[in-house]
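The structure appears below as structure tokens.
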Amino acid sequence: MTTSPSQHKKNSAQKQTALTAQEQQKQQEFQEEALKHINALYNYALHLTMNPDDAHDLVQETYLKAYRFFDSFEKGTNCKAWLFKILKNNYINKFRKNAREPGKVDYDLIKDFYHSIKDSQSDHGQDDVFFRSLMHDEVYQALNSLPEEFKEVIQLCDIEGFTYEEIANMVESPIGTVRSRLYRGRKLLRNKLNDFAKKHGYNTDD
């Protein structure tokens, strides 16, 4: 039997009132800490998967897992870096090892809460258009043509603004390796964009 919209709202309200005060406090803190990073997570997921539907799924799984383990998040630290780390681990498990098991996440407990978060944000279908609008197409294509290990650290450092230490934790590599990848990646990107820079009047002689 199909549930009417009004009945669905009533059921959701009943679920909300059934939550303990502790759970409601957790939801509030999670929204305050994690909500503002949803678009950045989607852009990162899109660069990893190169597929909007997979990126949506990856972000959803990241928020579900982050909420489930939010008690382990150390308040006062970088929540964005914590979320990016979870997303990267989810990506490795799902897209590189095919080891995902959906039943392990208690989705029914927080699905309404997650969708309320997602629906309060801008349409993710426009996010890649916005992200690409920040860079000329030639710059965007040049960045995406880099080897994964270089593209990733450039995005995390130069676009997302993470520190070397945070990036090292996310990619599970020593800081020296991160610095080396950034140097080599930027050099490769510079070479790819040399003609583009000259065409647009930039001096590349140094």
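The values are calculated or read from the model by the stated rules, or taken from the named source; none is laboratory data. Everything quoted here is computed from the prediction, not taken from an experiment. Every residue, glycine among them, receives a Cβ derived from its backbone with ideal geometry; neighbour counts consider all protein chains shown.
If I filter the range 146-181 down to residues being polar (S, T, N, Q) and outside any helix (DSSP H, G or I), which single residue comes out as modelled with the lowest pLDDT? The extreme case among them is Ser173. Restricted to the range 172-182, and to residues that are of a type outside the set (D, E, K, R) and closer than 13 Å to Gln155 by Cα, which residue is surrounded by the fewest Cβ atoms within 10 Å (Cβ to Cβ)? Of everything passing the filter in the range 172-182, Leu182 is surrounded by the fewest Cβ atoms within 10 Å (Cβ to Cβ).
Of all positions in the range 110-122, none carries a residue that is surrounded by fewer than 16 Cβ atoms within 10 Å (Cβ to Cβ), modelled with pLDDT of 55 or more and hydroxyl-bearing (Ser, Thr, Tyr).
Exactly one residue out of Glu61, Glu32 is over 30 Å from Phe196 (Cα atoms), in a helix (DSSP H, G or I) and modelled with pLDDT under 90: that is Glu32.
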